[in-house]
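Notes to accompany the following structure.
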Amino acid sequence: MKISIGCDHIVTEIKDHLVKYLEARGHEVTDNGTYDKKRTHYPVYGVKTAKKVADGDADLGIVLCGTGVGITISANKLKGIRAALVEDVEAARYAREKLNANVLGIGGRIVGIGLIERIVDAFLETEYEPSAENEQTNQQIDAFLAGKDPAQDERLFDDLIEKWNRGEYADR
């Protein structure tokens, strides 16, 4: 698998560790930087990393900064990107399986390296599972990119609310 990865100066050593970790597992890695501890601005590296995914030069992306928040928001600014900030294995699986996330955001100063490895593994090993419900949710999210505002349609979620009321959700 082709992986695009980038970070800011705060977590360069964690990104470097992940590059080696991924390559040892047979992945082709594009390291978008940064490459040292000189102060940088995370939006540059979030966008550079996500652009490789959006352009089809990478299958998936990984972005890291101290909290993961800023770089993940930056990555999400590109059309075709579904970046998810994740701090546990189950959220990584959910992001891929249900929401078709293609960029993983991680807070390198929030999550320990062992857990980061497990999160990355779960994200890379999980496939998107298309279903009517997943597709509908993702289309609603994508509607914003097309200039539509699904939040203005008061009836937009009626079918999902009816399912909830019938007890069709396992997490209820």
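The values are calculated or read from the model by the stated rules, or taken from the named source; none is laboratory data. Remember, predicted model here, so these are calculated numbers, not experimental data. FYI the Cβ positions are ideal-geometry reconstructions off the backbone, even for glycines, and counts take in every protein chain you see. These accessible areas exclude ligands, DNA and RNA; they are computed on the full protein's heavy atoms, side chains included. Shrake-Rupley method; radii C 1.70, N 1.55, O 1.52, S 1.80 Å.
In the assembled protein chains, Thr137 presents an accessible area of approximately 40 Å² (probe radius 1.4 Å).
Kindly report the accessible area of the range 1-159 per residue (heavy atoms of protein chains, probe 1.4 Å, no ligands, DNA or RNA), in Å².
Accessible area per residue, the range 1-159: 52 Å².
Among the lysines of the range 24-156, pairs at least eight places apart or on separate chains and with Cα atoms under 24 Å apart come to 20.
If you add up the charges near Glu125, with Lys and Arg at +1 and Asp and Glu at -1, over every other residue whose beta carbon is less than 14 angstrom from its beta carbon, what do you get? Could you put the intermediate results ahead of the total?
Working: positive: Arg25, Arg93, Arg96, Arg118; negative: Asp59, Glu90, Glu97, Glu117, Asp121, Glu127, Glu129.
Taking every other residue near Glu125 into account, the sum is -3.
The candidate values are (1) 1.01; (2) 1.09; (3) 1.16; the one derived from this structure for Cα Rg over 2.2 N^0.38 Å carries the label (2).
Rounded to the nearest 20, the Cβ-based charge dipole of the chain about its Cα centre (Lys and Arg +1, Asp and Glu -1) stands at 760 debye. Relative to the longest principal Cα axis of the chain, at what angle does helix 113-125 sit, 0 to 90 degrees, rounded to 10? Between helix and principal axis, roughly 50 degrees. Using the alpha carbons alone, the radius of gyration of the range 1-88 stands to its Kirkwood radius in an Rg to Rh ratio of 0.93. When a/c is below 1.5 the answer is rounded, else prolate if a/b is larger than b/c, else oblate, so apply that to the range 63-110 with a ≥ b ≥ c taken from the square roots of the Cα gyration tensor eigenvalues. Cα axes put the range 63-110 in the oblate bin. Within the accessible surface of the chain, defined with a 1.4 Å probe on protein heavy atoms only, the carbon and sulfur portion equals 51 percent.
Mean residue ellipticity, 222 nm, helices only, the chain: the sum of -39500 (n - 2.57) across DSSP H runs of n ≥ 4, divided by residue count and rounded to 500, is -13000 deg cm²/dmol.
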